[in-house]
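Working notes for the structure below.
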Amino acid sequence: MKVYEKTGVLSLSDLRLPSKKQLEKGVAILECVQEIPCNPCVDTCPVNAISMKDINAVPVNDYDKCTGCGKCVGVCPGLAIFVVKIKDGKALITLPYEFLPVPVVGENVHVLDRTGKKRGFGLVKRVVKNGKTMVVTVEVDEKLGMDVRNIRVER
Ligand code: SF4
Ligand code: SF4
């Protein structure tokens with residue numbers, strides 16, 4: 001049994017992880033593990049990096065093809081795609097965000113892990129609107145790169 005089936009929260013052992021070199025380039029990590037009929041990520045990727053065996057299969061990202069552009073992040077209805085780029089001791093995490101208030105560039109926000117626990121603060125570097133989903137890039141310490149998956153804006 002997978003860890004998330006017991007806890008309801010994904011852990012790193014449930015995921016196919018990129019290499020250090022791929023993380024330095026910046027790649028999309030698809031935290032989508034349930035077999036559901038869905039594929040906007042496949043259709044959106046401009047370099048055809050994401051593939052699925054069939055519409056009910058889980059998507060697989062070819063990390064060597066992925067450019068880390070982030071176009072897939074805002075189209076995923078499951079809010080399950082995160083781009084992680086590790087550089088100069090920092091991790092840039094691009095994540096989907098659908099709450100208010102909307103963060104602004106330069107703001108320090110709480111960063112949360114997959115359980116919703118606060119793990120410190122991150123600096124907002126980019127905010128882009130994609131329909132009702134904001135795609136936010138936040139900078140955190142490198143060691144939090146594979147843990148932070150949400151933000152909270154408290155003013
Ligand atoms: S980040 Fe860009 S290149 Fe990578 S899988 Fe998503 S859409 Fe494709
Ligand atoms: S769009 Fe999101 S939920 Fe749908 S298959 Fe892709 S990663 Fe999974």
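When residues in segment 38-66 are screened for being acidic (Asp, Glu) and either under 18 Å from Arg16 (Cα atoms) or within 17 Å of the chain's Cα centre (by Cα) (or both), 2 of them pass.
When Leu79 is tested against the conditions (1) more than 15 Å from ligand 2 (Cβ to nearest atom); (2) assigned to a loop (DSSP other than H, G, I, E, B); (3) in contact with an Asp or Glu (Cβ under 9 Å, 6 or more places away or on another chain), the lone failure is (1).
Evaluated against (1) open to solvent by 10 Å² or more (accessible area, probe 1.4 Å); (2) closer than 17 Å to Lys143 by Cβ; (3) touching a Ser or Thr at 6+ places or on another chain (Cβ under 8 Å); (4) not in a loop (DSSP other than H, G, I, E, B), Arg119 falls short on exactly one condition, (3).
I'm checking my understanding of the structure. Among residues of segment 67-95 that are under 18 Å from Ser19 (Cα atoms) and among the basic types (Lys, Arg), which one is surrounded by the most Cβ atoms within 10 Å (Cβ to Cβ)? This residue is Lys85.
All of (1) in contact (Cβ under 8 Å) with a residue 24 or more places away in the chain; (2) in contact with a Pro (Cβ under 7 Å, 6 or more places away or on another chain); (3) exposed (fewer than 15 other Cβ atoms within 10 Å of the Cβ) hold for Gln34 with one exception: (2).
Residues of segment 5-31 being in contact (Cβ under 8 Å) with a residue 24 or more places away in the chain, part of a helix (DSSP H, G or I) and either near ligand 1 (Cβ under 10 Å from one of its atoms) or open to solvent by 40 Å² or more (accessible area, probe 1.4 Å) (or both), which ones? Leu12, Lys20, Glu24, Lys25 - these are the residues of segment 5-31 that are in contact (Cβ under 8 Å) with a residue 24 or more places away in the chain, part of a helix (DSSP H, G or I) and either near ligand 1 (Cβ under 10 Å from one of its atoms) or open to solvent by 40 Å² or more (accessible area, probe 1.4 Å) (or both).
The requirement of being farther than 18 Å from Val138 by Cβ and more than 14 Å from ligand 2 (Cβ to nearest atom) is not satisfied by Glu35. Among the residues of segment 135-155, what is the count of those that are in contact with a Gly (Cβ under 8 Å, 6 or more places away or on another chain) and either assigned to a strand (DSSP E or B) or farther than 12 Å from Leu95 by Cα (or both)? Total satisfying the criteria: 10.
Among the residues of segment 45-66, those that are surrounded by fewer than 17 Cβ atoms within 10 Å (Cβ to Cβ) and either within 13 Å of ligand 1 (Cβ to nearest atom) or assigned to a strand (DSSP E or B) (or both) comprise Pro46, Val47, Asn48, Ser51, Met52, Val60, Asp62, Asp64, Lys65.
The values are calculated or read from the model by the stated rules, or taken from the named source; none is laboratory data. What you see is a predicted model, and the numbers here were worked out from it, not measured in a lab. A quick note on method: Cβ atoms are made from the backbone with ideal geometry, for glycine too, and the neighbour counts reach across all protein chains shown. Calculation scope for accessible area: heavy atoms of the full protein, side chains included, ligands and nucleic acids excluded. Shrake-Rupley method; radii C 1.70, N 1.55, O 1.52, S 1.80 Å.
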